[in-house]
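Visitor: The structure follows.
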Amino acid sequence: MAEFKLNEGRLQELITKLRDAGYRVVAPVEEEGAFVFKEVTEPGQARLDVLRTARSIKEWFFPRVEPTLRYEFDGSAVRCESGLPESPQKTVIIGCRPCDAASLPMLDTLFDWDYRDEYWFRRREATTVISVACDVPDSYCFCTSVGGSPEGTAGADLLMRRTADGGYLLEPLTEKGRAIIEAGEGVLELASGTEEVLVGEVPQRFALDKVKPWLDQNFEHDYWKEISYKCLSCGICAFVCPTCHCFDIQDEADLERGVRIKSWDSCCFPIFTRHGSGHNPRPTRDTRYRQRVMHKFRYYVDKFGVTACVGCGRCSSSCPIDMNICSVVAGVAELAESSK
């Protein structure tokens, strides 16, 4: 497939072209000292050199808080109004990394499992994802350990790769990606094929094929207490994760009207599994942290055939007490090897 070139210094022009074509443009933008995905209101705000934003692109498809139903009491009747977005705005997300993009097909499977979640899919259908290959990964990155790559294409509509002269090569992967190339006519040019592409290397940090067999046999093991004693149960790991998807549903209502809200939740929270009776099947930090690891590397594999981790390293880099899931899973692989 033909590749196209975005020369250095022309990103702002491309963003202006996309906005003129009717796209809402979302990119890494600096906010209070951190980089987050936000709508670009001025083309110069967008940054493509950010390795790891504070949060993933997940929230543009699965908002942190979302009303799903509004209702109003009218005597003995109840009037209901769905919160389902009828026509989500046509959006392009530019500047996410391949690990973020790879999370989307994983969650597509989940949200179309026993019930098709139109909240998710309507936004997915309206959104084009442009990922940027990683040229300078860091020590938190471990995408290659979970089947990914610094220049992976899973979940992306168009892949950008940095070139030695400061520009980018653009490879359209889907019809949505090709529409971006058309919208960028006059700014993008056909690549010559001689450009030097910069792509970093991420060493494999553990043997994934050893992890699940050990987890299958070691639900009760001292390792869980050993690794989880310092966990604060703050839940930040789940909130920054591209693939974590647990949510709570609550009603906020008075005697006349109410709204049903879906909001992110985390298996790390002490009350996550507490029953109405007061019983909690996961009352301790080790049982909750075990659940987090088991869900990603065992249960999700059993149900959907893929590991629910993309190796972005956000959970580890954001953790206030440096609980590194890559090191934890590497420890599992070492235990599996030593138990042979």
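None of the figures in this text is laboratory data; all of them are computed from the coordinates on show. Predicted, not measured: the structure shown is a model, and the values here were computed from it. We place every Cβ from the backbone using ideal geometry, glycine too, and count neighbours over all the protein chains shown.
Visitor: Tell me the chymotrypsin sites (Phe, Trp or Tyr not before Pro) within the stretch 56-93 that lie in a loop according to DSSP and have at most 16 other beta-carbon atoms within 10 Å. Don't skip to the answer; put the middle values down first.
Guide: Working: sites: TRP60, PHE61, TYR71, PHE73; in loops: PHE61.
For chymotrypsin sites (Phe, Trp or Tyr not before Pro) across the stretch 56-93 that sit outside H, G, I, E and B with at most 16 neighbouring Cβ atoms in 10 Å, the list is empty.
Visitor: Next up: How big is the gap, in Å, between the Cα center of the stretch 236-262 and the Cα center of the stretch 157-184?
Guide: One Cα centre to the other: 36 Å.
Visitor: What distance in nm separates the two pseudo spin-label positions at ILE321 and ARG70, each 7 Å out from Cα along the beta-carbon direction?
Guide: Calculated label separation equals 4.3 nm.
Visitor: Taking the alpha carbon gyration tensor of the stretch 208-338, what are the square roots of 5 times its eigenvalues, largest first, to the nearest whole Å?
Guide: Whole-Å semi-axes of the equivalent ellipsoid: 29, 16, 15.
Visitor: Dipole magnitude of the stretch 4-190 about its Cα centre, charges +1 at Lys/Arg Cβ and -1 at Asp/Glu Cβ only, in debye to the nearest 20?
Guide: With only Lys, Arg, Asp and Glu charged at Cβ, the dipole is about 80 debye.
Visitor: I've got another one for you. Note down the nm distance, to one decimal, between modelled labels 7 Å out along Cα→Cβ at THR41 and at TYR223.
Guide: It is 4.9 nm.
Visitor: Let me ask something else. Determine the relative contact order of the chain: mean sequence separation of Cα pairs under 8 Å and six or more apart, normalised by residue count, in whole percent.
Guide: 21 percent.
Visitor: Return the single residue from ASP100, ASP254, ASP49 with maximal mean-square fluctuation; model: Gaussian network over the chain, springs between Cα atoms under 10 Å.
Guide: Looking only at ASP100, ASP254, ASP49, the biggest GNM fluctuation is shown by ASP254.
Visitor: For the chain, how many pairs of lysine residues have a Cα-Cα distance under 19 Å, where the two are 8 or more positions apart or belong to different chains?
Guide: Value for the chain: 20.
Visitor: Please build a GNM for the chain, connecting alpha carbons under 10 Å apart, and tell me which residue among SER228, SER56, SER76 fluctuates the most.
Guide: SER76
Visitor: Tell me, what is the FRET efficiency for LEU232 and ASP138 to the nearest 0.05, using R0 = 22 angstrom and their Cβ-Cβ distance as r?
Guide: Rounded to the nearest 0.05, the efficiency is 0.40.
Visitor: Next question, about the same structure. Please list, in order along the stretch 64-80, the HN-Hα scalar couplings obtained from phi with the Karplus expression 6.51 cos²θ - 1.76 cosθ + 1.60 (θ = phi - 60°), rounded to whole Hz, x for Gly and Pro.
Guide: Each residue of the stretch 64-80 in turn: 4, 9, 8, x, 10, 7, 10, 9, 9, 7, 9, x, 8, 9, 10, 9, 10 Hz.
Visitor: Still on this model: Taking amide H positions as placed 1.01 Å from N in the peptide plane, with prolines and chain starts having none, which residues 5 or more places from VAL40, or on another chain, fall under 5 Å of its amide H?
Guide: VAL25, VAL26, ALA27
Visitor: Could you tell me how far the Cα centroid of the stretch 1-43 sits from the Cα centroid of the stretch 284-304, in Å?
Guide: Measuring centre to centre over Cα atoms gives 37 Å.
Visitor: For the pair ALA34 and THR273, how long in nm is the line joining their label points, each one 7 Å along Cα→Cβ?
Guide: Simple spin-label model gives 2.8 nm for this pair.
Visitor: Quick check for me: using +1 on Lys/Arg Cβ and -1 on Asp/Glu Cβ, what's the dipole size of the chain about its Cα centre, in debye to the nearest 20?
Guide: Roughly 920 debye for the chain.
Visitor: Moving to a separate point now. With springs only between Cα atoms under 10 Å, which of ILE227, ILE94, ILE15 fluctuates most in a Gaussian network model of the chain?
Guide: In the Gaussian network model the winner is ILE227.
Visitor: Then there's this: Fewest Cβ neighbours within 10 Å first, please rank TRP120, TRP224 accordingly.
Guide: If I rank by nearby Cβ atoms, fewest first, I get TRP120, TRP224.
Visitor: Here's a follow-up. Quick one: ARG162, ARG79, ARG55, fewest Cβ neighbours within 10 Å first, how do they rank?
Guide: Lowest count first: ARG79, ARG55, ARG162.
Visitor: Within 10 Å of each candidate Cβ there may be at most 12 other Cβ atoms; applying that plus a DSSP loop requirement, which trypsin sites (Lys or Arg not before Pro) in the stretch 220-261 survive?
Guide: Details: sites: LYS225, LYS230, ARG257, ARG260; in loops: LYS230.
Hits after loop and neighbour filter: LYS230.
Visitor: Give, as ranges by residue number, the residues of the stretch 208-249 whose backbone N falls under 18 Å from the point 7 Å along Cα→Cβ of SER339.
Guide: Those under the cut-off are 208-228.
Visitor: Please report the orientation-averaged projected area of the chain, defined via the convex hull of its C-alpha atoms, in nm².
Guide: The orientation-averaged projected area of the Cα hull of the chain comes to 20.7 nm².
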